[in-house]
Amino acid sequence: MTIGFIGVGKMASAIIAGLKKTEFKILISDSSFEKSKKKAETLGVSFAASHQELIEKADLVVLGIKPQVLPSVLQDLNINKPILSMAAGVSLDRLAELSRTELPIIRIMPNLNAQLFQSCTAICRNDNVSDQLFETAKQITDTFGTTFEIAEKDFDTFTALAGSSPAYIALFIEALTKAGLKHGFSKDLAFNIICQTVLATSQNLLSNGSSPNDLIDRVSSPGGTTIAGLLDLEKTGFTASVVSAIDTTIEKAKNM
Ligand SMILES: NC(=O)c1ccc[n+]([C@@H]2O[C@H](COP(=O)([O-])OP(=O)(O)OC[C@H]3O[C@@H](n4cnc5c(N)ncnc54)[C@H](OP(=O)(O)O)[C@@H]3O)[C@@H](O)[C@H]2O)c1
């Protein structure tokens with residue numbers, strides 16, 4: 001099976017790296033012939049001379065372009081192969097409208113941890129996708145992380161919780177790093193301490209099945225330092241601020 005990628009930026013490149021562990025053949029077409037050639041060399045895959053040539057040669061067309069450029073790219077193409085889209089906020093119905101087809105369309109929402117083959121990826125399909133094609137699509141998403149089959153109505157929430165949250169988690173790590181710097185640690189030292197702690201805390205939560213509140217209780221001694229810091233975080237509205245950011249992300253995705 002040949003998988004053709006139109007648009008090969010950060011996300012498509014990460015997905016291709018995962019796919020290179022499989023037997024799938026990969027073909028790409030980026031924003032220009034030169035870019036396609038160069039990226040094909042870097043990624044060790046084949047490239048097509050045009051998007052239309054890619055469509056003709058591929059069995060599945062993966063759209064790796066930004067949502068903003070989808071309408072202009074799709075309006076010039078005749079797509080007659082199943083489509084897999086990763087575009088944030090673009091629904092299956094909208095994709096069918098833009099491609100002017102009744103084709104099988106699969107929608108995924110990966111995150112940038114695909115670069116480490118650790119993406120949390122949501123997947124859904126329209127009514128034209130056979131069970132067999134859907135299984136193949138899940139096989140593809142499993143190559144770069146864990147796949148969650150969810151209803152399309154939940155995609156905007158998933159996008160906020162898994163697609164955008166790496167940026168919010170990075171901001172939290174940056175804030176803790178700055179706090180270390182303020183108190184005399186080098187930025188590198190503080191950064192490494194925080195990253196290791198975030199990683200181990202996630203592993204701790206996942207491995208023993210305890211809830212975040214259980215862990216908070218275990219770390220907070222009566223009258224101790226952690227409870228003092230926790231109360232200060234809530235004084236400055238930490239939980240409300242995080243939930244508000246997720247609300248805003250979902251709202252933005254709904255209006256893309
Ligand atoms: N990055 C994430 O964390 C993330 C998470 C979830 C979903 N996504 C989705 O993944 C998709 C790609 O995002 P990204 O972050 O990988 O973006 P990106 O790095 O900007 O990649 C987009 C690629 O599309 C190319 N492109 C632009 N116009 C094109 C055209 N007319 N024909 C073919 N290729 C064209 C760009 O080339 P130029 O550089 O030359 O313009 C670039 O290589 C988006 O739909 C996004 O919503 C991304």
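Numerical summary
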item	result
Count of the stretch 118-127 residues which are crowded, with 16+ Cβ neighbours inside 10 Å and either in a helix (DSSP H, G or I) or of a type outside the set (V, I, T) (or both)	6
Test result for A17, of a type outside the set (F, W, Y), out of contact with any strand residue (DSSP E or B) (no Cβ under 9 Å at 6 or more places or on another chain), within 14 Å of the ligand (Cβ to nearest atom) and over 25 Å from R94 (Cα atoms)	yes
Search result, residues across the stretch 78-102 that are farther than 23 Å from T141 by Cα and near the ligand (Cβ under 10 Å from one of its atoms)	none
Qualifying residue in the stretch 132-141 (condition: over 27 Å from A12 (Cα atoms) and not aromatic (F, W, Y))	no
Test: residue in the stretch 33-48 that is under 19 Å from P67 (Cβ atoms) and acidic (D, E)	no
Residue that is farthest from the ligand (Cβ to nearest atom) [pool: residues in the stretch 27-55 that are of a type outside the set (S, T, N, Q) and loosely packed, with under 13 Cβ neighbours inside 10 Å]	G44
Matching option when the condition is within 26 Å of K252 (Cβ to Cβ), of a type in the set (V, I, T) and out of contact with any Ser or Thr (no Cβ under 8 Å at 6 or more places or on another chain), among V61, V73	V73
Qualifying position, being acidic (D, E), assigned by TED's automatic domain parsing to the domain that holds I6, under 17 Å from the mean Cα position of the chain (by Cα) and more than 10 Å from the ligand (Cβ to nearest atom), among D142, D59, D131	D142
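Per-residue answers, yes or no, for (1) of a type in the set (S, T, Y); (2) exposed (fewer than 11 other Cβ atoms within 10 Å of the Cβ); (3) out of contact with any Cys (no Cβ under 9 Å at 6 or more places or on another chain); (4) in a helix (DSSP H, G or I):
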site: P166; (1), (2), (3), (4): no, no, yes, yes
site: A170; (1), (2), (3), (4): no, no, yes, yes
site: E174; (1), (2), (3), (4): no, no, yes, yes
site: I194; (1), (2), (3), (4): no, no, yes, yes
site: L205; (1), (2), (3), (4): no, no, yes, yes
site: S210; (1), (2), (3), (4): yes, no, yes, no
site: L215; (1), (2), (3), (4): no, no, yes, yes
site: I227; (1), (2), (3), (4): no, no, yes, yes
site: T248; (1), (2), (3), (4): yes, no, yes, yes
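The rows are residues; the columns are (1) hydrophobic (A, V, I, L, M, F, W, C); (2) over 30 Å from L199 (Cα atoms).
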| site | (1), (2) |
| --- | --- |
| A49 | yes, yes |
| E53 | no, yes |
| K57 | no, yes |
| Q68 | no, yes |
| P71 | no, yes |
| P82 | no, yes |
| G89 | no, no |
| A114 | yes, no |
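Quick grid of which residues meet (1) of a type in the set (S, T, N, Q); (2) in contact with a Cys (Cβ under 7 Å, 6 or more places away or on another chain); (3) under 26 Å from A245 (Cα atoms):
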{"position": "K81", "(1), (2), (3)": "no, no, no"}
{"position": "S85", "(1), (2), (3)": "yes, no, yes"}
{"position": "L98", "(1), (2), (3)": "no, no, no"}
{"position": "V129", "(1), (2), (3)": "no, no, no"}
{"position": "T147", "(1), (2), (3)": "yes, no, yes"}
{"position": "K153", "(1), (2), (3)": "no, no, yes"}
{"position": "A162", "(1), (2), (3)": "no, yes, yes"}
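The values are calculated or read from the model by the stated rules, or taken from the named source; none is laboratory data. Nothing here was measured: the structure is a model prediction, and the numbers come from that model. Reconstructed Cβ throughout: ideal geometry from the backbone, glycine too, with neighbour counts over all protein chains shown.
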